[in-house]
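Undergrad: Provided herewith is a single structure, encoded as structure tokens, for subsequent inquiry.
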Amino acid sequence: MLSCSPKTQSNESISEIYNIQSSGNITHNLMSGFDEITPEWIEVISDSLLLLIDRNADPAINIYSLKDLKKIAATGKRGKGPFEFVTPKLEGATFALHDTLYTYVSDFNAHILYRLNITKLLVGKADHFEKIDDIHHEIAPGWQELYPIDERKVIGNLWYGDGRVFVWDRINQSVKLIPNFPKTAVPLSKDKVGFFYSNFGGYSREKKVFASAMQTFKRVDFFDSNGLLTKTFKFEKDKAHPQFRDDGPLFPLDYTFYFGRTYSSSNFFFAVCQNKKADQSIPSQGNYELYVFNWDKNFIGKWNFTRPNLGPFAVSERNKKLYAINYGADMEDYPIIVYDLSELPFN
């Protein structure tokens, strides 16, 4: 770490960090043996099961054993009836509550948030889905991720609207929007805001911390559960905002996109940085990096991927593995890439 200088502003602690040295390379192998699948969302359950959501499948939600890749449970029938899905989407990581495993699933098309009781699903009980709420009308036009905090509040980020982070109070049915950098905000229409302020998040239920990794800024922000910005890491110097146009590409061709996928494990927040230029349809080999933070809001390190083109991913701290959906040319034969994280400081 060649340069690290902390600054303090009102309600914001900024750590400017430049020229971060890589801590090493992350090797991989390819996972085959599935039936024909095109997964879009992935989660690791209890370090031994793999949950995949594939909206082209019926049912869309399937759980496999990591040991032999046998399918052991399925749910999420396609349709528009109760507990049926058109566009199922995984919302947040699996968590335990009163010795029961849960995760959240939404139907993006129907604007409904459900809670999936994984423990009941695994033993074959029919009542494993519970409707939580209809998505609030201020969020419904374009949420990117939802992270339920408790029975009352949901925090997340937006793709369309007037703020990049929101806190939704389900009891009062109100939404608090956290502005897009109010001191330096670029005036944009709602349909363009998501492109410029797009971010991928994560949430720690234990620490009550929300993390947000930016796509067009090389920065990671941490918020408390009320949406108060508490710490920011900046991995580049401030750059000029692009001049957006309606008669051509939204971004200049040499504009760089950074964080594209994230994941929350028990102790860490993982953010994949793509370092992809706007004119690149396929990122350069070796450009993908993994930035790791802990939930005490400390930067742990950066590692290089030996293979890019990974999509949504999940991490098993115990197995020291990262399981990612393969976005490469061989995705039909090997839908999942398994990365070795044994070099990361999990202990």
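Undergrad: Taking the options VAL193, VAL154, name whichever one is touching a Pro at 6+ places or on another chain (Cβ under 9 Å), at negative phi and in contact (Cβ under 8 Å) with a residue 12 or more places away in the chain.
TA: On the way: VAL193 fails: touching a Pro at 6+ places or on another chain (Cβ under 9 Å).
Testing whether each residue is touching a Pro at 6+ places or on another chain (Cβ under 9 Å), at negative phi and in contact (Cβ under 8 Å) with a residue 12 or more places away in the chain leaves just VAL154.
Undergrad: Looking at segment 314-337, I want the residues that are on the phi > 0 side of the Ramachandran plot and have a partner that is in a strand (DSSP E or B) and of a type in the set (D, E, K, R) with Cβ atoms under 9 Å, at least 6 apart or on another chain. Which pairs are those?
TA: Listed by first residue and then by second, the contacts come to LYS320/ASP340.
Undergrad: Can you find a residue in segment 252-274 that is surrounded by 15 or more Cβ atoms within 10 Å (Cβ to Cβ), outside any loop (DSSP other than H, G, I, E, B) and at positive phi?
TA: no
Undergrad: I want to confirm something. Restricting to segment 335-347 and keeping residues that are part of a loop (DSSP other than H, G, I, E, B) and either farther than 28 Å from SER266 by Cβ or among the aliphatic types (A, V, I, L, M) (or both), which single residue is modelled with the lowest pLDDT?
TA: Let us first name the residues in segment 335-347 that are part of a loop (DSSP other than H, G, I, E, B), namely 335, 341-347.
Narrowing the set further to residues that are either farther than 28 Å from SER266 by Cβ or among the aliphatic types (A, V, I, L, M) (or both) leaves 341, 344.
Working: LEU341: 97, LEU344: 93.
So the residue we want is LEU344.
Undergrad: Ok, one more. Does VAL167 meet the test of being at pLDDT 90 or above, more than 30 Å from ARG245 (Cβ to Cβ), in contact with a Phe, Trp or Tyr (Cβ under 8 Å, 6 or more places away or on another chain) and β-branched (Val, Ile, Thr)? First the steps, then the outcome.
TA: On the way: at pLDDT 90 or above: yes; more than 30 Å from ARG245 (Cβ to Cβ): yes; in contact with a Phe, Trp or Tyr (Cβ under 8 Å, 6 or more places away or on another chain): no; β-branched (Val, Ile, Thr): yes.
No: the conditions fail for VAL167.
Undergrad: Shifting gears a bit: Answer yes if at least one residue in segment 157-164 is in contact with a strand residue (DSSP E or B) (Cβ under 9 Å, 6 or more places away or on another chain), part of a loop (DSSP other than H, G, I, E, B) and either hydrophobic (A, V, I, L, M, F, W, C) or modelled with pLDDT of 90 or more (or both), and no otherwise.
TA: Here is the first cut: in segment 157-164, the ones in contact with a strand residue (DSSP E or B) (Cβ under 9 Å, 6 or more places away or on another chain) are 157-164.
Of the ones still in play, those that are also part of a loop (DSSP other than H, G, I, E, B) are 159-164.
If we keep only those that are either hydrophobic (A, V, I, L, M, F, W, C) or modelled with pLDDT of 90 or more (or both) too, we end up with 159.
Within segment 157-164, one or more residues are in contact with a strand residue (DSSP E or B) (Cβ under 9 Å, 6 or more places away or on another chain), part of a loop (DSSP other than H, G, I, E, B) and either hydrophobic (A, V, I, L, M, F, W, C) or modelled with pLDDT of 90 or more (or both).
Undergrad: If I go through segment 157-182 residue by residue, how many of them are over 17 Å from MET214 (Cα atoms) and without any contact (Cβ under 8 Å) to a residue 40 or more places away in the chain? I'd like the intermediate steps shown before the answer.
TA: Restricting attention to segment 157-182, the residues satisfying the condition of being over 17 Å from MET214 (Cα atoms) are 167-176.
Applying the additional criterion that residues be without any contact (Cβ under 8 Å) to a residue 40 or more places away in the chain yields 168-175.
The number of residues fulfilling the criteria is 8.
Undergrad: Related question: Return the only residue of VAL186, VAL220, VAL154, VAL175 being of a type in the set (A, V, I, L, M), part of a strand (DSSP E or B) and over 20 Å from ALA93 (Cβ atoms). Lay out the reasoning, then the answer.
TA: Values: VAL186 fails: part of a strand (DSSP E or B); VAL220 fails: over 20 Å from ALA93 (Cβ atoms); VAL154 fails: over 20 Å from ALA93 (Cβ atoms).
Among VAL186, VAL220, VAL154, VAL175, only VAL175 is of a type in the set (A, V, I, L, M), part of a strand (DSSP E or B) and over 20 Å from ALA93 (Cβ atoms).
Undergrad: Moving to a separate point now. Take segment 18-55 and flag every residue that is out of contact with any Lys or Arg (no Cβ under 9 Å at 6 or more places or on another chain), in contact (Cβ under 8 Å) with a residue 60 or more places away in the chain and among the charged types (D, E, K, R).
TA: Within segment 18-55, GLU36, GLU43 meet the criteria.
Undergrad: I'd like the full set of residues that are in contact with a Gly (Cβ under 8 Å, 6 or more places away or on another chain), surrounded by 15 or more Cβ atoms within 10 Å (Cβ to Cβ) and closer than 23 Å to GLN243 by Cα, limited to segment 170-196.
TA: First, pick out the residues of segment 170-196 that are in contact with a Gly (Cβ under 8 Å, 6 or more places away or on another chain): 176-180, 190, 193-194.
Now narrow it down to the ones that are surrounded by 15 or more Cβ atoms within 10 Å (Cβ to Cβ): 176-178, 180, 193-194.
Passing the criteria: ASN180, VAL193, GLY194.
The values are calculated or read from the model by the stated rules, or taken from the named source; none is laboratory data. This structure is a prediction, so every number in the text was calculated from the model and none was measured. Don't worry about glycine lacking a Cβ; one is built from the backbone with ideal geometry, like all the others, and counts go over all protein chains shown.
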